[in-house]
Amino acid sequence: MSIHTSIDSFSSTGRSAGWAAIGPCADAAAPLVLVVDDDASLRGALCGLLRSVGLACKGFGSAGEFLQEPEPAGPACLVLDVRLPQSSGLELQQALAGRGRCLPVIFVTGHATIPMTVSAMKAGAVEFLTKPFAEAALLDAVHRALDSDAAARQQRETRQALQARYASLTPRERQVMALVVSGLLNKQAAARLGTSEITVKVQRRQVMSKMGAGSLPDLVRMAERIGGTLAS
């Protein structure tokens, strides 16, 4: 079924389009779909479709209105019309990237061009749908986008937790960790640091404990996730 054919079915419930049609959003930590489209009836139909499959949805009539929205607390994605008043959907995508908001975007438009599609996909869009599009195509894209955002959020949270543990290490413990994960033995690390092997063993145990690493391979993987913040 085309999304346009579903507009009348959702409007016939007696709810007005726009915010009233969207209704209250679910728990902030639950998956959330954000819809930006200046067509109130289509916006209401899109949110009605998404809510019919158990997804929370919140709608906006313009890019400026959307940019006032706080960062979602849980997995989220953006269903974005290309043609909007004042700022276009492509400009909004660029603005989000500039602000560091890595929100998966699904573009919808009734006037697609090849350069437009290429530009959106190069900028990281999950999908580019031309109106009228099948409901199944939209739902598939939304679920892929939400899964992608959930995985990205998990990676960010894991990295932040590791960085917090790393921040709890003393400067010398950070040096020991960097040398150990680079493959040096305790004796070699001690020589590099100008201290005793026993001291390095003690500091290494402290590093393992504070980082929550059960083995050296665990510590190496943690160091890889932390990235370039390791002391040299």
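Summed over the stretch 133-155, the residues that are surrounded by 14 or more Cβ atoms within 10 Å (Cβ to Cβ) and outside any helix (DSSP H, G or I) give a count of 1.
Each residue in the stretch 192-211 was checked for being touching a Lys or Arg at 6+ places or on another chain (Cβ under 9 Å) and part of a loop (DSSP other than H, G, I, E, B), and 1 of them qualify. Can you tell me which residue within the stretch 75-128, out of those that are at pLDDT 80 or above and among the charged types (D, E, K, R), is nearest to A45 (Cα to Cα)? In this case the residue turns out to be D81. Is it fair to say T109 is surrounded by fewer than 19 Cβ atoms within 10 Å (Cβ to Cβ), in contact with a strand residue (DSSP E or B) (Cβ under 7 Å, 6 or more places away or on another chain), among the polar types (S, T, N, Q) and over 14 Å from A141 (Cα atoms)? No, not satisfied. Checking the stated criteria, Q163 turns out to be part of a helix (DSSP H, G or I) and under 35 Å from the mean Cα position of the chain (by Cα).
Residues in the stretch 177-191 include none that are within 16 Å of the chain's Cα centre (by Cα) and assigned to a helix (DSSP H, G or I).
Based on what the data block shows, is S119 of a type in the set (S, T, Y) and surrounded by fewer than 14 Cβ atoms within 10 Å (Cβ to Cβ)? It is false that S119 is of a type in the set (S, T, Y) and surrounded by fewer than 14 Cβ atoms within 10 Å (Cβ to Cβ). One residue stands out in the stretch 59-78 among those that are more than 14 Å from the chain's Cα centre (by Cα) and in a strand (DSSP E or B): the one that is surrounded by the most Cβ atoms within 10 Å (Cβ to Cβ), namely G59. Contact list please: Cβ distance under 8 Å, first residue in the stretch 86-106 and free of Cβ contacts under 8 Å to residues at least 12 places away in the same chain, second residue buried (at least 19 other Cβ atoms within 10 Å of the Cβ) and among the basic types (K, R), pairs at least six apart or on different chains. From residues that are free of Cβ contacts under 8 Å to residues at least 12 places away in the same chain, there are no pairs. Applying a threshold of 9 Å to beta carbon distances and a minimum spacing of six or more residues, or different chains, the list of pairs starting in the stretch 195-210 at a residue that is touching a residue at least 24 places away in the same chain (Cβ under 8 Å) and ending at one that is in a helix (DSSP H, G or I) and among the polar types (S, T, N, Q) reads V200/N186; Q203/Q175; R204/N186. Identify, please: which residue in the stretch 142-190 is touching an Asp or Glu at 6+ places or on another chain (Cβ under 8 Å) and not small (G, A, S) and is, among those, farthest from P217 (Cα to Cα)? Across the stretch 142-190, the extreme among qualifying residues is R144.
The values are calculated or read from the model by the stated rules, or taken from the named source; none is laboratory data. Predicted model, so just to flag it, every value in this text is computed and none were measured. Note: ideal-geometry Cβ built from the backbone for every residue, glycine included; neighbour counts use all protein chains shown.
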